[in-house]
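Colleague: For reference, the structure I am asking about is given below.
Every read-out reported here was derived from the displayed coordinates using simple, explicitly stated rules and does not represent laboratory data. Not measured: the values here are computed from a predicted model. Glycine also receives a Cβ, built like all others from the backbone with ideal geometry; neighbour counts cover every protein chain displayed.
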Amino acid sequence: MLAPAPAPRPSPHGEPSLALPRSFWKDFARKHWDRQPTVLQRPFAAHFPTPGEIFEALLETSARYRRGEFTQPLRFYIEHMDGPGGMPYYSVLFDLSRHLPQREDGDLDGYLARLDSLLGGKRFGIVLNRAQCFQWNHWLQMTSFLSGFHEALGVPLGGSDSCVFLGNYRYTPFGVHKDDLHVFYFVIDGEKTMSLWPFDALADRQEVPKDDPDLIHKAGLIYLRDKEDEQRVLAKATTLVGRPGDVMYWPASYWHRAEPSRGLNISASLGVSFRPPPFTGMAPPGEWPRRLRHTELPAGPRSRLPEPVRKSLQRRSRRQDVLSAERESTSEWVRFLTGGALEGTPLEAREEPLKPQEWILASRERPIVSVPLPQGQVLVSANGRSATLTPAPAVLRRVEKLLTALNSGKPQQVEALEEAFFSRLTARSFNTRAFRALLDDLVRWRAVRRCEPPSSRAR
């Protein structure tokens, strides 16, 4: 078990940051990474995820569900204790229209009271994948936490994903299992008890394949036949207990299951994977790097994809009929990397278009990048989103200068940026409307935010 970690790094612009210092990650990598489970006791003085933020993420999910946008990231389980052999089982609720939170619930307590009435007191569990996509603070928390991980251990190119678990269920709904993910488990509300087993402890079971030497790095399930079988399995387990504010860690090689705890529990498991990103399955077969150095992440205008990724792309055919595939693959990689190697994109901002007299500010920690594409196009990307431009060479230089000014982290006036961009520009293929649309995109992507003008004293 790790002692309380050193104080987190200061958060930029008052954002909720969970960045930990280099000394912590150096110690963690030496003692625990890919070795054994541990509990990090309350490492953060502030900015830990809150039940209110998780409720907001569920509200956003609920709104999208009711608009018919998706159902895949969300699962709703109802617990039943009368399964075969005395083992509990969990049914999955497919019609979530009445069981998801509503604004009318007011808050999490109001939602839980309504849910308890709907379920007749039955225990339940909600599992929300890609939770970082549904609440902006949660995205900032996860990306800032990963910044130190990336520096110490590399950028895992299988992506990272925050999965929220909320409910009063007794056991993990899908039972004893293992993932192809290394897991950081944030205990947000309630006490959490986890049983864990190293891979070899359960590898001799009948349901575990014996002809796959790489299974230790893959997902798998253990099927408990009855209570007696459960007791035999539990006798081999290591137990971790996490309390609100704690972070547990276990390697991808470990089997695990949540055990009974009192009342409601809210937690978020941040999984990191070294498999190829999901979008590479759409591209021609080929080898992809498993990880990058943190210094290889895109960092501003005139950025290029990291050398290992470029070499993989260049091994594809150069024929004209695959240029569009190359362009799409490059764009996917850029969006993935500017999104902090997280799966999905953060929640868009809903704001009015910028006015000329307003001031805006970008974050130095999340630079806006431009990357060349085939056939003279350029991709402008930030926070996992992008726009494709086809500028003349003179306009491209202006775009790079604009992004350099924004990435300085200093307040910029919209009108002054526009005047500098179009000053003595003869080729007007990039007009004022396109310029303002680009800035509005950056606001919508949360790459820049409105700010107060600097005071005359500060200047």
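Colleague: Can you give the FRET efficiency for E352 and K218, using 1/(1 + (r/R0)^6), R0 = 30 Å, r = Cβ-Cβ distance, to the nearest 0.05?
Modeller: 0.05
Colleague: Same structure, new question: How big is the gap, in Å, between the Cα center of segment 232-278 and the Cα center of segment 157-191?
Modeller: Here the answer is 6 Å between Cα centres.
Colleague: How large is the charge dipole for segment 1-275, taken about the Cα centre, if only the Cβ atoms of Lys, Arg (+1) and Asp, Glu (-1) carry charge, to the nearest 20 debye? Provide the component values of the computation, followed by the final result.
Modeller: Details: 31 positive and 33 negative charges, 70 e Å.
I would put it at about 340 debye.
Colleague: Tell me which trypsin sites (Lys or Arg not before Pro) from segment 56-94 have a DSSP coil assignment and no more than 14 other beta carbons within 10 Å of their own.
Modeller: R67
Colleague: What net charge do the residues around D27 carry, taking every other residue with its C-beta under 14 Å from that of D27, with Lys and Arg at +1 and Asp and Glu at -1?
Modeller: +4
Colleague: Sticking with this one: Where does helix 51-66 land angle-wise versus the long Cα axis of the chain, in degrees 0 to 90, nearest 10?
Modeller: 80 degrees
Colleague: Kindly express, to the nearest 10 degrees and within the range 0 to 90, the angle between helix 432-444's C-alpha long axis and the longest C-alpha principal axis of the chain.
Modeller: 20 degrees
Colleague: Looking only at the chain, where both bridge partners belong to it, what percent of the DSSP beta bridges are antiparallel (to the nearest 5)?
Modeller: 95 percent
Colleague: Taking only the alpha-carbon atoms of the chain, what semi-axes of the equivalent ellipsoid follow from 5 times the gyration tensor eigenvalues under a square root, in whole Å, largest first?
Modeller: 42, 26, 21
Colleague: Just want the answer: with Cβ charges of +1 for Lys and Arg and -1 for Asp and Glu, which residue in Y65, A201, L221 is farthest toward the dipole's positive end in segment 1-275?
Modeller: A201
Colleague: Separate question: Round to the nearest 10 and give me the degree value, 0 to 90, for the angle of helix 393-407's Cα axis relative to the longest principal axis of the chain.
Modeller: So the inclination is approximately 50 degrees.
Colleague: So, in Å, what gap is there between the alpha-carbon centers of segment 110-147 and segment 46-93?
Modeller: Value for the Cα centre distance between the two parts: 7 Å.
Colleague: Please state the charge dipole magnitude for the chain, taken about the Cα centre, from unit charges on C-beta atoms (+1 on K and R, -1 on D and E), reported in debye and rounded to the nearest 20.
Modeller: I would put it at about 1680 debye.
Colleague: Let me ask something additional. How would you rank 172-178, 106-112, highest first, on the average number of other Cβ atoms within 10 Å across their residues?
Modeller: Descending mean neighbour count gives 172-178, 106-112.
Colleague: Taking the simple approach of a point 7 Å from Cα along Cα-to-Cβ for both E307 and R22, what is their distance in nm?
Modeller: So the label points at E307 and R22 sit 2.2 nm apart.
Colleague: Gain in length, S423 to L96, computed as 0.36 nm per residue apart minus the alpha-carbon separation, to one decimal in nm?
Modeller: This chain segment gains 112.2 nm when fully extended.
Colleague: Also: Where does each of 241-248, 369-376, 91-98 land if you order them by average Cβ count within 10 Å, highest first? List each step's numbers first, then the result.
Modeller: Details: 241-248: 19.6, 369-376: 17.8, 91-98: 10.9.
Result, highest mean first: 241-248, 369-376, 91-98.
Colleague: Okay, moving on. Please give the peptides 344-350, 117-123 ranked by average Cβ packing (other Cβ atoms within 10 Å per residue), highest first, as a rough proxy for protection.
Modeller: 344-350, 117-123
Colleague: With unit charges on the beta carbon (Lys/Arg positive, Asp/Glu negative), name the residue among N407, A349, V183 whose Cα is farthest towards the positive pole of the charge dipole of the chain.
Modeller: Most positive-ward Cα: N407.
Colleague: Now for a different question. Would you mind getting me the FRET efficiency between A45 and R290? Use the beta-carbon distance for r and R0 = 41 Å, nearest 0.05.
Modeller: The calculated FRET efficiency here is 0.75.
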